[in-house]
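Read through the structure below, which is laid out as structure tokens, and then see the notes.
All of the numbers you see were taken from the coordinates with simple rules; none came from a lab. Predicted model, so just to flag it, every value in this text is computed and none were measured. Positions of Cβ are backbone-derived with ideal geometry, glycine not excepted, and every protein chain shown enters the neighbour counts.
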Amino acid sequence: MRTFTPTKVIFQIYNQLIGLGLLCCLISVSGCVSAQITRPIETNPNQTQAQDSFFSMEELIDLVGPIALFPDDLLALTLEAASHPIAIVSANRMKKKPKKAQKINSEWDESVVALLNYPEILEMLDQDIEWTQKLGQAKTHQPAVIMQAIEQFRNEAHQSGNLKSDSYQVVSVDDDRVIIRHKNKDKIYIPYYDPEKVRLRQTRTVYHYYPNAYPVYYYPYQSSFYFDEPFFGIDSVFGLSWNRYHLNRYSHSHFLHPYYGTAYNPRHFGRTRAHTLPLRNERKRISNRSNQNERSSPSISQDSGLPDGPEQTWMNRKQQNRNRNIDLESSHIKTSNTSFRVLERDRHHRHETTRAESFSNLGNQQIMRYPAQNEIKSGTNTQNRSDRR
């Protein structure tokens, strides 16, 4: 018969506790190791989406084919606007409304606003919104590769003889880089073509233009310029940098802007900020001039003890101009340097005198005459008297 002493029981319990502790340590260590191993395997959904948006060179050539032969500034504008597909859809819907109902959304990008001037391109991007979205993703994630795809497409079209200079645009080649620019500064023609046929030699013309000429979105038009359709101008310009294979976006204050230092009229460029500074300086100059005039000649409101407001200042200025015109008619009208008008009050004896005497006395001016003129005058008087007799 076995007998258990207290020491043996305690020793067995101690061994069991040690075993449980070691087992717990092993489980915790294995959990940490497994967590460390599995943690790098977890991927970011944004990274996977960016990897899926990468395109091969052949896919990019097919992607940029419909717009690769646009002029450089128009192509850069289209690529930038493709990055905002939702705004393109809403802008195309707005463009189809009547002219008075067309209003720009303040949340739209400048590229989308400028693309409103070219309805064919806006319609093309809206019809195939999936292609537009892929084009914007390629421009965002692969800007250098998409520039290389455009370069390869242009070289194939130029070598086939379908892309060349004409009366609408100028095509130049610089170190295997085909550069396309519109010929006129203030208007542009949009081309259209078949991307598959334009890269192969053809017996007929496959490169065409839309019949309507459209304004250039960044050209500083004067206030008197008239547009058949609503014009949506911006002061920023989009371009292609072939040296760095990059898309540029220059504001009006940048020295590389083609019209740097030129003022944009707010009538055609409502969203620009370049015209605010000259107008502000002009207002300051007018206000300073009005203040000087008010100091030199007190206004009516100062005589009555009332403070001068903007309306009263305008009335005072209008009264000053009216007084100046009255002084001009009364004192300076007779000098030939200011005006050639003739007042009736200066010719009271018009019917009593002859035509030659009234002309000589007009304005109390001394008129130089040739000596032979007096003989002609006396001869004509004697002839008239003989006729009357």
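This ranking places Asp126, Asp235 by how few other beta-carbon atoms lie within 10 Å of each, fewest first, which gives Asp126, Asp235.
Note on Glu130 and Ser167: the model spin-label points, each 7 Å out from Cα along the C-beta direction, lie 4.2 nm apart. Ordered by the count of other Cβ atoms within 10 Å of each Cβ, fewest first, Lys99, Lys164, Lys134 give Lys99, Lys164, Lys134. Residue separation of Lys96 and Asn248 scaled by 0.36 nm, minus their Cα-Cα distance, works out to 51.7 nm of gained length.
All C-alpha pair distances within the range 51-250, sorted into 10 Å bins from zero, spread as 8, 35, 39, 16, 2, 0 percent across the bins.
Between Lys103 and Asn265, the simple spin-label model (points 7 angstrom out along Cα→Cβ) gives 2.6 nm.
Between Ser241 and Ser160, full extension at 0.36 nm per residue minus the direct alpha carbon distance yields a gain of 26.7 nm.
Placing +1 on the Cβ of every Lys and Arg and -1 on the Cβ of every Asp and Glu, with no other charges, gives the range 51-250 a dipole of roughly 640 debye about its Cα centre.
How do Glu110, Glu59, Glu130, Glu156 rank when sorted from fewest to most other Cβ atoms within 10 Å of their own Cβ?
In increasing order of surrounding Cβ atoms, one gets Glu130, Glu59, Glu156, Glu110.
Residues whose amide H comes within less than 5 Å of that of Lys187, counting only those at least five positions distant or on another chain, are Val216 (H built at 1.01 Å from N in the peptide plane).
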